[in-house]
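Taking it in order: structure first as structure tokens, then the write-up.
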Amino acid sequence: MTMATYDLAIIGGGINGAGLARDAAGRGLRVFLCEQSDLGSATSSASTKLIHGGLRYLEHYEFGLVRHALREREVLWHIAPHIIWPLRFVLPHRKGLRPAWLLRLGLFIYDHLGGRKKLPGTRTLKLSRDPVGAPLRDVSAIAFEYSDCWVQDNRLVVLNARDAEKRGADIRTRTRCVQASRENGLWHVTVEDAETGRCEKISARALVNAAGPWVDQVLAIVLNRKTQAKIRLVRGSHVVVPRLYAHDRCYIFQNPDGRIVFSIPYEDDFTLIGTTDVDHKDQPENVRISDDEIDYLCQAASSYFKAGVTREEVVWTYSGVRPLYDDGAANAQETTRDYVLEVDGAEDEAPLLTIFGGKITTYRCLAENAMQKLATRFPEWGVRAHWTGKHALPGGDFPAGSAEFLAQDLTRDYGFLDIRAARRLVRHYGSEARAILAGSRTRADLGRSFGADLTEAEVRFLMTREYARTAEDVVFRRTKAGIRMGLNEITELDAWMAEQRSATSMHSEKKAAAH
């Protein structure tokens, strides 16, 4: 059997790997990407769900990173207006912490550093007069309101992978890279199907290690390289509680230890509170929130909200390990969030590019920079640079800010949909919501209901187009329906999906045998 040869092989299907696959495939490269689990199943699904400059990074003088990220907010909003939308954040001044003049100065820089065009700027609020002050304790007299954006983080990963595949990339999920070595000017890569155990060998002109928290393990085990660890694993944890207030704005709270905590309206009926910054000493896959982190987040929120937040109110938690570049900072919160790209290999050797660090907001720029580095070896790879910020991701082919009109159109054309259900579909699938609803005249036409407004038609769409294979992929990553579903409902969905996979596999085998 002839070994398939690619221009670029990528290890890791998080946001950096998927973004790079899209960029490279759009330049005409033959791209192979393998992900050991589900796309974006680790760090890229455990963010605070923000496309933001990172206001607090200004304190650490990371002006380049902040400028970079601020410029990306509106670029990403325009290529994915269904899964990215603007939010307003309220930053209360608190006596004894950062002075009001410093907060205002920081926000002035934030407003003008990144070429903001459509997002509104900062304004000062008197909390005794503004509705945003109503849920808060009497700890602040004034606050500052500024703009950033929200993102459906896992969906951003999946849509980048889908677009890469549409442009010719070979995307393999549940596929682990077990060995890679240089031979005759190429990388020879062995991958293993996690479900069947079947191994396959491919070759590539260049290899990218985008394994996130596992980047050092890939270097040491897969590539057999003796290198000192260059990443610092930092755990970020979040809690979700029933909705704490009625308005649609977010809060960013200062804490006496210098850290900040966000409070964000989440999935209509909940409030998301996070994040923490704790050095993670265990394996990346062994990540979960600690009791201390739950207490910290509840106490931080309770110091601002009149009603307080208790452990008993927490309905869901999630944690992720951020693979930050180890710059020797004294503590986790001061460690840089910027990325570092390293290229290894002599001029006559196939290059290895390793990605350290990064944040979801700057993934697209990271991909462009990675391609620039590789183009020094392969000049033809520099053709069609800077295209990814101009072409919409799947479902995002409509003007930014018009998602509500799409939702209203759905309720008009599909009379059984209420506006809340229509908004949810648009906020996940954009213009592709119609592919899920196509041909349906009643809700029964969408097939079985699994709970939390999740239908058979939607799950089939996620399985056939978006690489979903398990209930966890569907209810906790592609959607957040799991927050509203019972364990029995999730178990039944998982069993149904297994039956569908089995039936599809048998059909494929019979078809292959017939030929």
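The values are calculated or read from the model by the stated rules, or taken from the named source; none is laboratory data. If you're wondering where the values come from, they're calculated on a predicted model, not measured in any experiment. Backbone-built Cβ (ideal geometry, glycine too); neighbour counts: all protein chains shown.
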*Hey, PHE89 under 28 Å from VAL309 (Cα atoms) and either surrounded by 15 or more Cβ atoms within 10 Å (Cβ to Cβ) or of a type in the set (Asp, Glu) (or both) or not*: yes
*If you scan region 185-206, which residues turn out to be outside any loop (DSSP other than H, G, I, E, B), among the polar types (S, T, N, Q) and either farther than 21 Å from GLU380 by Cβ or modelled with pLDDT under 95 (or both)?*
THR190
*Since LEU223 meets every condition but one in (1) more than 30 Å from GLY328 (Cβ to Cβ); (2) crowded, with 20+ Cβ neighbours inside 10 Å; (3) not polar (S, T, N, Q), which condition does it not meet?*
(1)
_Every residue in region 350-386 that is out of contact with any His (no Cβ under 8 Å at 6 or more places or on another chain), among the β-branched types (Val, Ile, Thr) and buried (at least 23 other Cβ atoms within 10 Å of the Cβ), please._
THR354, ILE355, ILE360
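Table: residues versus (1) modelled with pLDDT under 95; (2) under 18 Å from PHE89 (Cα atoms); (3) surrounded by fewer than 20 Cβ atoms within 10 Å (Cβ to Cβ).
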site	(1), (2), (3)
PRO213	no, no, no
GLY236	no, no, no
VAL239	no, no, no
ARG243	no, yes, yes
HIS247	no, yes, yes
LEU272	no, yes, no
HIS280	no, no, no
ILE289	no, no, no
*What residue, of GLY185, GLY168, GLY197, is surrounded by fewer than 15 Cβ atoms within 10 Å (Cβ to Cβ) and either closer than 30 Å to ARG88 by Cα or free of Cβ contacts under 8 Å to residues at least 12 places away in the same chain (or both)?*
GLY197
*What number of residues within region 18-35 are buried (at least 23 other Cβ atoms within 10 Å of the Cβ) and either modelled with pLDDT under 95 or not acidic (Asp, Glu) (or both)?*
12
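The rows are residues; the columns are (1) under 30 Å from VAL426 (Cβ atoms); (2) touching a Pro at 6+ places or on another chain (Cβ under 8 Å).
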position	(1), (2)
HIS82	yes, no
ARG88	yes, yes
LEU91	yes, no
LYS95	no, no
LEU103	no, no
LEU107	no, no
TYR110	yes, no
GLY121	yes, no
SER128	no, no
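When you look at ALA329, is it touching a Gly at 6+ places or on another chain (Cβ under 8 Å) and of a type in the set (A, V, I, L, M, F, W, C), yes or no?
Here the answer is no, as ALA329 does not meet what is asked.
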*asked:* Going through VAL75, VAL66, VAL132 one at a time, which residue ends up being in contact with a helix residue (DSSP H, G or I) (Cβ under 9 Å, 6 or more places away or on another chain), modelled with pLDDT of 95 or more and part of a helix (DSSP H, G or I)?
replied: VAL75
*Counting only residues that are assigned to a loop (DSSP other than H, G, I, E, B), of a type outside the set (Gly, Ala, Ser) and farther than 11 Å from PHE144 by Cβ, how many does region 99-126 have?*
6
*Select from region 242-270 the residues that are farther than 15 Å from LEU297 by Cα, among the aliphatic types (A, V, I, L, M) and in contact (Cβ under 8 Å) with a residue 40 or more places away in the chain and list them in ascending order.*
none
*What helices (runs of 4 or more DSSP H) completely inside region 348-458 contain at least 1 residues that are touching a residue at least 40 places away in the same chain (Cβ under 8 Å) and in contact with a Lys or Arg (Cβ under 9 Å, 6 or more places away or on another chain)?*
363-375, 403-413, 419-429
*Could you list, in sequence order, the residues of region 319-339 that are within 24 Å of the chain's Cα centre (by Cα) and either surrounded by fewer than 17 Cβ atoms within 10 Å (Cβ to Cβ) or basic (Lys, Arg) (or both)?*
ARG322, ASP327, GLU334, ARG337
*Name the one entry in ASP413, ASP445, ASP418 that is of a type outside the set (A, V, I, L, M, F, W, C), modelled with pLDDT of 95 or more and surrounded by 14 or more Cβ atoms within 10 Å (Cβ to Cβ).*
ASP445
